[in-house]
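Here the structure comes first, spelled out in structure tokens, and everything after it is commentary.
The values are calculated or read from the model by the stated rules, or taken from the named source; none is laboratory data. Keep in mind that this is a model prediction, so the values were computed, not measured. Because the Cβ atoms are built from the backbone with ideal geometry, glycine has one as well, and the counts that use them run over all protein chains shown. We work out accessible area using only protein heavy atoms, side chains counted, and drop any ligands, DNA or RNA first. Shrake-Rupley method; radii C 1.70, N 1.55, O 1.52, S 1.80 Å.
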Amino acid sequence: MGGSVKMVEETLKLAYGEDSKFIKDKRIAAVQALSGTGACRLFADFQKRFRPDSQIYIPVPTWANHHNIWRDAHVPQRTYHYYHPESKGLDFAALMDDVKNAPNGSFFLLHACAHNPTGVDPSEDQWREISYQIKVKGHFPFFDMAYQGFASGDPERDAKSIRIFLEDGHAIGIAQSYAKNMGLYGQRVGCLSVLCEDEKQAIAVKSQLQQLARPMYSNPPVHGALIVSTILGNPDLKSLWLKEVKVMADRIIGMRTALRENLEKLGSPLSWKHITEQIGMFCYSGMTPEQVDRLTKEYHIYMTRNGRISMAGVTTGNVGYLANAINEVTKSS
């Protein structure tokens, strides 16, 4: 029910650190999950069973499926401020107020890096303040890390938020996924881990996670897990993978620069600096649903109506056409 022990071992090193004392002390309860979605759902059910009176605070906006997951697990949801539409950046002051005003011991869903859909991440100093305030309030931080390595190109750097919380002595939960950083979307390979007080608690928590998995899907599939453990368990393959992840991330970062430069060359009166300030696969462009509709109808460019561009779909071949179309539909605003 807990899946591949080898895959879980290697996955924990990515999140908690190669030489993590928590791994050595066996303080982490972890199971293979059905990618990031399955890890979140397993945790939501765990939360409902063992903290039935708790609620989960989810950022505005967030990945749409987060709402479905906690709703179907019957966990009451609240929201906290995150995105600031005017600056197209982080609404840090409002976020901190929401953390302070939430009832003590609430659960907070945090995107570890490359926030989906906005591409807006807190700075290191902001993460430290968020961690401090969450500790003061006795909240439980749950990290969804769907894009490790895909934000900066360096999995270590992308786990910085988690490492800050670990330094501050939190108990935390983490959902990890290999859908993007290994291209294993169809294999559904992920991991759910919960950092516990000691080894004894970790054993108990793991057994409860397995009990939850049993009636839900019995056990996770083995094929994708073998791919992950083969790559991460072999130093040569692992270093090749790290190189390739960096190539992918750098390409996306390069496309951000190209899109912004193209828009500026066209003389767009709007500021597009948020394109290069945001990070990860998605760019929250700030376009209205009406402008997005025009892009689809007049230029055959498709994106979600909230203006979220998948930067992975932007190439050297289409970036000029995309910039021109965006410039046309945003001219009059």
Quiz item: Considering segment 17-62 alone, what residues qualify as being without any contact (Cβ under 8 Å) to a residue 24 or more places away in the chain and touching a strand residue (DSSP E or B) at 6+ places or on another chain (Cβ under 8 Å)?
Solution: V60
Practice problem: Output the residue which, of all residues in segment 312-333 that are free of Cβ contacts under 8 Å to residues at least 60 places away in the same chain and either acidic (D, E) or not in a loop (DSSP other than H, G, I, E, B) (or both), is surrounded by the most Cβ atoms within 10 Å (Cβ to Cβ). | Solution: V329
Practice problem: Report whether or not C196 is more than 18 Å from T330 (Cβ to Cβ), open to solvent by less than 70 Å² (accessible area, probe 1.4 Å), in contact with a strand residue (DSSP E or B) (Cβ under 8 Å, 6 or more places away or on another chain) and touching a residue at least 12 places away in the same chain (Cβ under 8 Å). | Solution: yes
Quiz item: Here are L34, L90, L110, L95: which of them is within 23 Å of S218 (Cα to Cα) and hydrophobic (A, V, I, L, M, F, W, C)?
Solution: L34
Self-check item: Sole exception among (1) touching a Leu at 6+ places or on another chain (Cβ under 6 Å); (2) buried (at least 22 other Cβ atoms within 10 Å of the Cβ) for A171, by number
Solution: (2)
Self-check item: Enumeration of residues in segment 158-176 that are polar (S, T, N, Q) and out of contact with any Phe, Trp or Tyr (no Cβ under 8 Å at 6 or more places or on another chain)
Solution: Q176
Quiz item: Which residues, counting only those in segment 259-278, are part of a helix (DSSP H, G or I) and either open to solvent by less than 20 Å² (accessible area, probe 1.4 Å) or β-branched (V, I, T) (or both)?
Solution: L259, L263, H274, I275, T276
Quiz item: Going through segment 1-26 one residue at a time, which ones are open to solvent by less than 60 Å² (accessible area, probe 1.4 Å) and outside any helix (DSSP H, G or I)?
Solution: G2, G3, S4, G17, S20
